[in-house]
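The structure under discussion appears below in the form of structure tokens.
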Amino acid sequence: MNGHNLAPINASSLFFTPLPPSHIVPPGKESHGRYMLTIPWNRVSGWGQPKIGPRQDLSFDPLAGVLQYAVTCFEGMKCYKTEQGDLRLFRPKKNFDRLKRSASRLGLPSEWDNDELLELFAKLMALEAPLVPNTDGSNLYIRPTLLETSEGFGIKEDAFAAEALLYVVTTLNLGLGLYGSAEGEGKGIKLDACKEFIRAWPGGTGSYKLGANYGTVNISKKPGYAMSLWLHGQEDFISEAGAMNVFIIKQAEDGFLEFITMSLNNGIVLPGVTRESIIELLTEHAEGEKDFPIDGMPKKIRVVQRDISMPEIIKGVEDGTLKGMFGCGTGVVVVQVGEIRYQGTTYKIPSNPLIKIIRDTMTGIQRGKIDEGRDWSFKVPEWNPEGKEGQPEEEVTAA
Ligand SMILES: *Cc1c(COP(=O)(O)O)cnc(C)c1O
């Protein structure tokens, strides 16, 4: 696939359909963005015309690869509004690159120019801007999705999709329920360490954002627990919690405070943008290259990427060397873990004020309040489509 004459994603050929004057939001969909961006693809001609128009149902053949074999991957991003009212995306090209990686794992198209996609994204955000409140914790959650629309069925010449669709929809405030709910003594989310369902294993797809990774383990969630803590291996190594990466804070023997998170080496852990950003901030702070953007982070810290097992966590709780634990991801940003239930016993995890410092730093950067000097915050340009930026609709030729 990916021959050389395939059309690229081309932002300047955008076709825009405004909401009809009579547009009303369907009941139950009030928190959803009103527009969607769609870009079709087929292996003969490449990417088709990008369109932004009213959000609507999709239709495919009942044998489409997405429906039969879960040939679908996605991203999770957020658009924030600053106190001044402008819109920001957080490191969006990291997500675009990760979508490419997921897509190529599934035989879906994985080549496009991130700048072109970002331009289209920015227009979608600009249209939804009135929906986004400019308060902490509020945001527009963005769900880019790429899936196989052609028949994914039977014996084929090769396993690559013949037709695919990339679309982007938005919804308000995902993660708000947990946002900031959990800081300080006796607080934090409850995790159920799950031995019954395994989310990811060596050689599996845990490090890709594929729909199939989530649908197959959703039923593990126990009432009263925010999410499952995923385990793997005989040793009961932890990998992630729900759809978040996790960090353990541990006192090391040499007096350093360690921020331990699972390494990406064995392909079990999803390479989170939040995880990576926290690692970068803490590492540069520890090395004295940059000061952590918020006061209060000690200098004698280090970031360690390695496996950590439930028995090690329990030992740390018992001997007092475990100094806290948090989850992180686009949805919740940073959330303190308060307790873990494992093999019938509940273990209380100590709280740590550094968790709030990390969260305030991340949200401060995301909402443009803290300038971290790295260009992580992308400012969405204003766009008013009244002035006919949209192109005429192209005729669609069948593949
Ligand atoms: C999306 C996701 C994360 C977090 O990634 P971010 O880029 O930080 O949002 C972590 N784990 C899993 C399983 C995920 O799906």
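Values quoted throughout were computed directly from the atomic coordinates according to the rules given, and no laboratory measurement underlies them. Fair warning: this is a prediction, and the values are worked out from it, not measured in the lab. Counting neighbours? That spans all protein chains shown, and the Cβs are built from the backbone with ideal geometry, glycine included.
If I fit a long axis through the Cα atoms of helix 310-319 and take the longest principal axis of the Cα atoms of the chain, what angle between them do I get, 0 to 90°, rounded to 10?
Rounded to the nearest ten degrees, it is 40.
Which ordering of THR145, THR361 is given by a fewest-first count of other beta-carbon atoms within 10 Å?
Listing THR145, THR361 from fewest to most nearby Cβ atoms yields THR145, THR361.
Give the average over all directions of the projected area of the C-alpha convex hull of the range 189-351, one decimal, in nm².
Result: 9.6 nm².
Need one number: nm distance between label points at SER45 and TRP201, each 7 Å from Cα along Cα→Cβ, rounded to one decimal.
Going by the 7 Å Cα→Cβ label model, 4.4 nm.
Positive end of the charge dipole of the chain (Lys, Arg +1 and Asp, Glu -1 on Cβ, about the Cα centre): tell me which of PHE15, MET244, TYR35 has its Cα farthest that way.
Result: MET244.
So for the pair LEU58, ASP115, with labels modelled 7 Å out along Cα→Cβ, what separation do we get in nm?
Distance between the two pseudo-spin positions: 2.8 nm.
May I ask you to derive the FRET efficiency for GLN234 and ARG306 from their Cβ-Cβ distance with R0 = 22 Å, giving the value to the nearest 0.05?
According to the calculation, E is roughly 0.85.
Find the all-direction average of the projected area of the Cα convex hull for the chain, expressing the result in square nanometres with one decimal place.
21.6
Just subtract the alpha-carbon distance of LYS187 and ALA129 from 0.36 nm times their residue separation and send over the number in nm, one decimal.
Extra length available between LYS187 and ALA129 comes to 17.5 nm.
Given R₀ = 51 Å, what would the calculated FRET efficiency be for GLN343 paired with GLN84, taking r from the Cβ atoms and rounding to 0.05?
E between GLN343 and GLN84, to the nearest 0.05, is 0.50.
State the extension gain, in nm to one decimal, for the chain segment bounded by GLU287 and THR216, taking 0.36 nm per residue of separation less the distance between their alpha-carbons.
Between GLU287 and THR216, full extension yields 21.4 nm more.
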